[in-house]
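Q: Here you go, one structure.
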Amino acid sequence: MAAYALFERLRRPEHTGVHRCWPCTVANLLVLAIACLALGRIRKSFAAALGIVGAGAIWLRGYLVPYTPRFAPRLASLLPGDPFHEDPIEPGSGSGPPATGPEDGRNASGDEPAGDGDRTGESEPARGSLSAPGDAATGEDLLEGLLEAGVLEADAESVAPTDAFRQRWDEEIEALRGVDDDRLAEAALAESAAADADVVTRDDRTYVTLAAESGRTIDESWLRRPTAIGQTAAARALAEMGVPDVDRPNAAVALGMFLAECPDCGSELVERPVGGCCGPPQTGADGRAKTGLTCPDCRVHLHVFE
């Protein structure tokens, strides 16, 4: 019992398991190897003990050297290419063109991505989505409308999609999953408040962009393909359930919290901190760490919980 309690005290789940940062891990293993080699010149038994303790610390805590999350990303950025990540996990949507390095979860304008909806009931529509400012009902009114339309059902403890809506949503996801990017952009435009749509590839990532009538870059929505499929499919299913046009884009964003699988590849979604692989996660206004529903294969946050 005492050993287990010590194990739990030493363990840092926010830096291990699915949250492990490989630049941090590799940097620490290199430091540990150099230290063991140097100590081995003096006494091999000390070097062996350091190796065992150091490797155990890296396994349990994610890193050995203090402040590793602060310096390891900078060291990794000096290496050619990205030997640790095929594609950094990034928000599934954002306002304006994405920054070159989206690991910090911010877009080019410096905004944190509120783009996959929230559960706070605020009326401001999410950035980087099918919705647009001024077209949203309040959170309470939207929830009431979805309950009345048979999209959601509620009991004393929870709210969830009805079987009828879930079936329609799944069918629309399956239909959109098989279309190319241009047709997906057309479908997203038809369900959005945008004036124009396009497909943009940047840094080997494909985005569906939705441009507002203002023509300003900051008012553009950039959606990764999994997010575009999920939100557009939800909007189509909402139309079949009789939800008014003006409410469908924002409802489609909020419904992302009920996704269990990636709309694009079908992988099971996992909940993990939002932000870069190194350092602390993003936090909300209340100081709590944000988490998101993430596709580990597409490396995209499909929904961010506020």
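Q: Residues in the range 122-132: is at least one at pLDDT 75 or above and either touching a strand residue (DSSP E or B) at 6+ places or on another chain (Cβ under 6 Å) or open to solvent by 60 Å² or more (accessible area, probe 1.4 Å) (or both)?
A: no
Q: Among the residues of the range 40-74 satisfying the criterion of being under 14 Å from ALA27 (Cα atoms) and among the β-branched types (Val, Ile, Thr), which is modelled with the highest pLDDT?
A: ILE58
Q: Only one of ALA156, ALA160 is out of contact with any Pro (no Cβ under 9 Å at 6 or more places or on another chain), hydrophobic (A, V, I, L, M, F, W, C) and open to solvent by 80 Å² or more (accessible area, probe 1.4 Å). Can you tell me which?
A: ALA156
Q: Out of all the residues in the range 241-250, which are within 20 Å of THR227 (Cα to Cα) and either basic (Lys, Arg) or at pLDDT 95 or above (or both)?
A: If the condition is that a residue be within 20 Å of THR227 (Cα to Cα) and either basic (Lys, Arg) or at pLDDT 95 or above (or both), then ARG248 is the only one that fits.
Q: Checking the conditions here, which among ALA251, ALA260 is small (Gly, Ala, Ser), under 19 Å from the mean Cα position of the chain (by Cα), buried (at least 16 other Cβ atoms within 10 Å of the Cβ) and within 23 Å of GLY292 (Cβ to Cβ)?
A: Testing whether each residue is small (Gly, Ala, Ser), under 19 Å from the mean Cα position of the chain (by Cα), buried (at least 16 other Cβ atoms within 10 Å of the Cβ) and within 23 Å of GLY292 (Cβ to Cβ) leaves just ALA251.
Q: Within the set of pairs 6+ apart or on separate chains, which have a first residue in the range 240-264 that is touching a residue at least 12 places away in the same chain (Cβ under 8 Å), a second that is open to solvent by 50 Å² or more (accessible area, probe 1.4 Å) and in a helix (DSSP H, G or I), and C-beta atoms under 6 Å apart?
A: Going by the 6 Å Cβ cut-off, the qualifying pairs are GLU240/ARG168.
Q: Something else: Residue pairs, Cβ under 6 Å, 6 or more apart or interchain, first in the range 170-182 and open to solvent by 70 Å² or more (accessible area, probe 1.4 Å), second of a type in the set (A, V, I, L, M). List them.
A: Pairs found: ASP182/VAL199.
Q: Checking the structure you have, find out if any residue of the range 196-207 is out of contact with any Phe, Trp or Tyr (no Cβ under 7 Å at 6 or more places or on another chain), open to solvent by 50 Å² or more (accessible area, probe 1.4 Å), among the hydroxyl-bearing types (Ser, Thr, Tyr) and assigned to a helix (DSSP H, G or I).
A: no
The values are calculated or read from the model by the stated rules, or taken from the named source; none is laboratory data. Please read all numbers here as calculations on a predicted model, not as lab measurements. Here the Cβ is made from the backbone with ideal geometry for all residues, glycine too, and neighbour counts use every protein chain on show. What goes into the accessible areas is simple: the full protein's heavy atoms, side chains included, and nothing from ligands, DNA or RNA. Shrake-Rupley method; radii C 1.70, N 1.55, O 1.52, S 1.80 Å.
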